[in-house]
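*Asks:* The structure follows.
The values are calculated or read from the model by the stated rules, or taken from the named source; none is laboratory data. Note that this is a predicted model, so its numbers are computed, not measured. As a convention, Cβ positions derive from the backbone with ideal geometry for all residues, glycine included, and neighbour counts pool all protein chains shown. Areas reflect the complete protein model, heavy atoms only, side chains present, ligands, DNA and RNA absent. Shrake-Rupley method; radii C 1.70, N 1.55, O 1.52, S 1.80 Å.
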Amino acid sequence: MITARPPLTTIAAIAAAPILLLSGFAWAGGWIGPPRIGGGTIADALESNAGKHEGYRRAHAKGVCFTGYFDASGGADALSRTPLLRSGRHAVIGRFSTGGGKPFATDGRNVFRAMALQLTGPDGEIWRLAMDHTPIFPVATPEAFVALQRAARPDPSTGKPDPAAMKAYLARHPETRAYQDHIAAAPLPDSFANSTYYSINAFRFIDGAGSAHAVRWAFEPEAAFGALDKAALASLPTDHLFTDLGARLARGPLRWRMIVTVAAPGDRTDDATVPWPAGRRRIDAGTLTIARAEPEESGACRDITFDPTILPDGIALSDDPLLAARSAAYASSFGRRAVEAPGPSAVGKTLSQKGR
Amino acid sequence: MPHRFPLAIRLLHWTMALLIIAMLFIGAAMVSTASPAYASLIALHRPLGIAILLLAALRLVLRFATGAPPLPADLPRVQQRAARGAHILLYLAMIGLPLIGWAMLSAGGYPVRLTAGFVLPPIVPRDALAYGLLRQTHGLIAFAFFALILGHLTVALIHRFVRRDGVLETMGFARAAALDPELAEPEEADEPEVEPAETPGP
């Protein structure tokens, strides 16, 4: 049927269709147009600061698994329809960690610490919580997070961040300065067990009638507070916090009360750097009991990504832009470490050296 | 010999074409961003993927049951074989890509949440390495699928505008008489045309 060479216009028209589609795809994927911050960008920024530690989380690399249970009091039942907050006991898998991307960092240098939880409901629904021991976060957006990581990148020659870069960053980000002031002033808990862990971001509880309630939450410890001497942090044993946790659990289970704080109209739900004023309605939603800790090698937490956007029906995302960013960054970190052989954890290594 | 695919297949083809292109764009976009769009896109990606899987399964059954119109007899054998291979690959991608996505989330311990309160069960056991490999495979196949679709589209247009052999029309909705573009002109001239301005009044 084909008789002659088709005219150029026909060839151009035929080529236009796939070229248009390809251009659209390239635009959708961010390969053309202004540079985008994706989960991979955040993971890259973390790697470039801490170094690449294959097989480990790109943030909160040093951690230990634990198991326990959550006894929901039913106190938050009126705010959320999730069965996980209805009166009852739910299994918990979790992880304590210190901040940063170095799996064998010394605890005295890593003052930032976190508790991550996975609650499993009666119907199999899963709720993941990734909480930090500071009520506010240093940045409000993924852009600021990446900028902060870049400003804090250690200079290879000195091993320290460039003070000029940090100064320039802080000039643009007073919220990070406010966070640093808070960290400097607040006493530093001397144990994972007596730290309060905050949701960082706001979430929405959806009640049985479908109404949304903006909330934050915190897990407040039963253990008595004790503070670390900030002047002596450098002399703290490398795995101090982890050793302390093991010793405490050997004496008995540890408990936290889950306190849900309900926002008042006008409270910011889209900015994790801004604390809510005192005097907000507080609801005791239940008690977390941690029964035992296990090194990541044998524990159940290592291969879980504690993505705080994995929520049961009845709990929903707020407009906080950090939530999607955490989800994207954790997914990128998980994707990377999953194909790298997992290495030993600090706790597991110490135990195996002791001959367990 | 049928001149074109049955109506159900044609409707499925074009519906799925839109869904799959949208899906590939959503997939590329969601990996590129950590903005709030990431959460929205991923929430769309999962149910859309399962919808494509169901439609593809239905289409495969229909396709086996009804067959396909023959390719033009003058099409060289190597091209006939290439067409057959490409279509097998397209079906494999339509069914395989959502299944790999589902398996990947299962292996990674992510709930496959379609809508509020509706979570699909895992289809493979938890395994981090499997998650990582499936995730890479999911991405690679998605790119290959997109390349295949671009090729499919280009070849369809060549059939329509260069060879003019009626192959694209087998997936079209034109009336049967208009299937052959050579015949279309005179056929259309026979259609009653409304020309009120030029029709003199009685």
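*Asks:* How many nm is it between the label spots at A:PHE112 and B:VAL78, if each spot is 7 Å from the Cα in line with the beta carbon?
*Replies:* It works out to 5.9 nm between the two label points.
*Asks:* Under Stokes-Einstein, with the Kirkwood radius over Cα pairs standing in for Rh, what whole-number D in µm²/s applies to chain A at 20 °C and 1.002 mPa s? Can you show the working numbers first?
*Replies:* Details: Rh = 22.2 Å.
For these conditions, the coefficient is 97 µm²/s.
*Asks:* For a quick protection proxy, order the peptides A:48-56, B:33-41 by their average other-Cβ count within 10 Å, most packed first. Let's see the in-between values first.
*Replies:* Numbers: A:48-56: 16.8, B:33-41: 20.8.
My ranking of the peptides, most packed first, is B:33-41, A:48-56.
*Asks:* While we're here: Enter the buried accessible area of the A/B pair, total of both sides, probe 1.4 Å, in Å² rounded to the nearest 100. Walk me through the numbers before you get to the answer.
*Replies:* Working: alone 17150 and 13090 Å², together 26790 Å².
The summed interface area works out to 3500 Å².
*Asks:* Are there chymotrypsin sites (Phe, Trp or Tyr not before Pro) in the stretch A:173-261 that DSSP marks as loop and that have at most 14 other Cβ atoms within 10 Å, and which are they? Spell out each step's value before the answer.
*Replies:* Working: sites: A:TYR179, A:PHE192, A:TYR197, A:TYR198, A:PHE203, A:PHE205, A:TRP217, A:PHE219, A:PHE225, A:PHE242, A:TRP256; in loops: A:PHE192, A:PHE225.
Passing sites in the stretch A:173-261 are A:PHE225.
*Asks:* Same structure again: Run the numbers on the stretch B:18-46: which residues show a drop of 30 Å² or more in accessible area, chain on its own versus all protein chains together, using a 1.4 Å probe over heavy atoms?
*Replies:* Residues shielded by partner chains are B:PHE25, B:ALA28, B:SER32, B:ALA34, B:PRO36, B:TYR38, B:ALA39.
*Asks:* With every protein chain kept in place and ligands, DNA and RNA left out, what is the accessible area per residue of the stretch B:7-182? Probe 1.4 Å, answer in Å².
*Replies:* Numbers: 8800 Å² over 176 residues.
Normalised by residue count, the accessible surface of the stretch B:7-182 is 50 Å².
*Asks:* Same structure again: Scan chain B and report its longest stretch carrying no GluC sites (Glu not before Pro) that are both in a DSSP loop and have at most 10 other Cβ atoms within 10 Å. All intermediate terms of the calculation are to be shown ahead of the outcome.
*Replies:* On the way: sites that count: B:GLU193, B:GLU198.
Formally, the longest exposed-site-free interval is B:1-192.
*Asks:* With an 8 Å Cα cut-off and a minimum separation of 6 or more residues, compute the relative contact order for chain B in percent. Please list the in-between numbers first.
*Replies:* Numbers: 169 pairs, mean separation 41.2, N = 202.
20 percent.
*Asks:* Let me ask another. Would you mind telling me the share, in percent, of accessible area of chain B contributed by carbon and sulfur at probe 1.4 angstrom? List each step's numbers first, then the result.
*Replies:* Working: 8010 of 11340 Å².
Carbon-and-sulfur percentage of accessible area, whole number: 71.
*Asks:* Counting only trypsin sites (Lys or Arg not before Pro) that are in a DSSP loop and have at most 14 other C-beta atoms within 10 Å, tell me the longest site-free stretch of chain B.
*Replies:* Numbers: sites that count: B:ARG126, B:ARG175.
The longest uninterrupted stretch comes out as B:1-125.
*Asks:* I would also like to ask the following. Can you tell me how the stretch A:78-188 classifies by the Cα gyration tensor, rounded, prolate or oblate, using a/c under 1.5 as the rounded cut? Before the final figure, lay out the partial values.
*Replies:* Details: a/c = 2.69, a/b = 2.08, b/c = 1.29.
Prolate, because a/c is 1.5 or more and a/b exceeds b/c.
*Asks:* Quick check on chain A: helices-only [θ] at 222 nm, where DSSP H runs of length 4 and up contribute -39,500 (n - 2.57) each and the sum goes over total residues. Nearest 500, please.
*Replies:* Working: 8 runs with 104 residues, N = 356.
Taking each H run of at least 4 residues, the total per residue is -9500 deg cm²/dmol.
*Asks:* Before anything else, pin down the relative contact order of the stretch A:38-338: Cα pairs under 8 Å, at least 6 apart, normalised by residue count, whole percent. All intermediate terms of the calculation are to be shown ahead of the outcome.
*Replies:* Numbers: 679 pairs, mean separation 81.4, N = 301.
Dividing the mean separation by the residue count of the stretch A:38-338 yields 27 percent.
*Asks:* How many angstrom lie between the C-alpha centres of the stretch B:31-108 and the stretch A:45-100?
*Replies:* One Cα centre to the other: 36 Å.
*Asks:* Would you mind working out the accessible area per residue for chain A, using a 1.4 Å probe, and quoting it in Å²? Write down the numbers at each step before the final one.
*Replies:* On the way: 15450 Å² over 356 residues.
Value for chain A: 43 Å² per residue.
*Asks:* So how much accessible area does B:HIS3 have, in Å² to the nearest 10, using a 1.4 Å probe?
*Replies:* Answer for B:HIS3: close to 140 Å² accessible.
*Asks:* Just to make sure I understand: if all protein chains stay in place, what is the order of A:HIS90, A:HIS182 by accessible area at 1.4 Å, largest first? Before the final figure, lay out each step's value.
*Replies:* On the way: A:HIS90 10, A:HIS182 60 Å².
Listed by decreasing accessible area, they come as A:HIS182, A:HIS90.
*Asks:* Still on this structure, please answer the following. What is the percent carbon and sulfur in the accessible area of chain A, measuring with a 1.4 Å probe over the protein chains and ignoring ligands? Each step should come with its number before you reach the end.
*Replies:* Details: 8970 of 15450 Å².
Carbon-and-sulfur percentage of accessible area, whole number: 58.
*Asks:* Going by the alpha-carbon gyration tensor, a ≥ b ≥ c the square roots of its eigenvalues, is the stretch A:15-139 rounded (a/c under 1.5) or, if a/c is not under 1.5, prolate (a/b greater than b/c) versus oblate?
*Replies:* Details: a/c = 2.81, a/b = 1.41, b/c = 1.99.
Oblate shape, in that a/c is at least 1.5 and b/c is the bigger or equal ratio.
*Asks:* Here is a further query. For the stretch A:29-75, state which residues have at least 20 Å² less accessible area in the presence of all protein chains than in their chain by itself, taking the probe as 1.4 Å and leaving out ligands, DNA and RNA.
*Replies:* Relative to the lone chain, where solvent access is computed with a 1.4 Å probe, the stretch A:29-75 loses at least 20 Å² at A:GLY29, A:TRP31, A:ARG36, A:ILE37, A:GLY38.
*Asks:* A further question on this structure: Roughly how big is the stretch B:7-182's charge dipole about its Cα centre, with Cβ charges of +1 (Lys, Arg) and -1 (Asp, Glu), in debye to the nearest 20?
*Replies:* 160 debye
*Asks:* Continuing with the same structure: If you take the beta carbon distance between A:ALA291 and B:ALA156 as r and set R0 to 45 Å, what does 1/(1 + (r/R0)^6) give as a FRET efficiency, to the nearest 0.05?
*Replies:* About 0.10, to the nearest 0.05.
*Asks:* Ok, one more. For peptide B:105-111, how many partner chain Cβ atoms fall within 10 Å of a residue's Cβ, on average? Show your work: numbers first, answer last.
*Replies:* Numbers: counts 0, 0, 2, 8, 10, 8, 8.
Partner Cβ neighbours, averaged per residue: 5.
*Asks:* Using a loss threshold of 30 Å², tell me which positions in the stretch A:299-319 are less accessible in the complex than in their chain alone. Probe radius 1.4 Å, ligands and nucleic acids ignored.
*Replies:* Listed in order, they are A:ASP303, A:ILE310, A:ASP313.
*Asks:* On to the next question. Using just the helices of chain B, give the 222 nm mean residue ellipticity in deg cm²/dmol: DSSP H runs with n ≥ 4 each add -39,500 (n - 2.57), and the total is spread over all residues, rounded to 500.
*Replies:* On the way: 5 runs with 130 residues, N = 202.
Computed ellipticity for chain B at 222 nm equals -23000 deg cm²/dmol.
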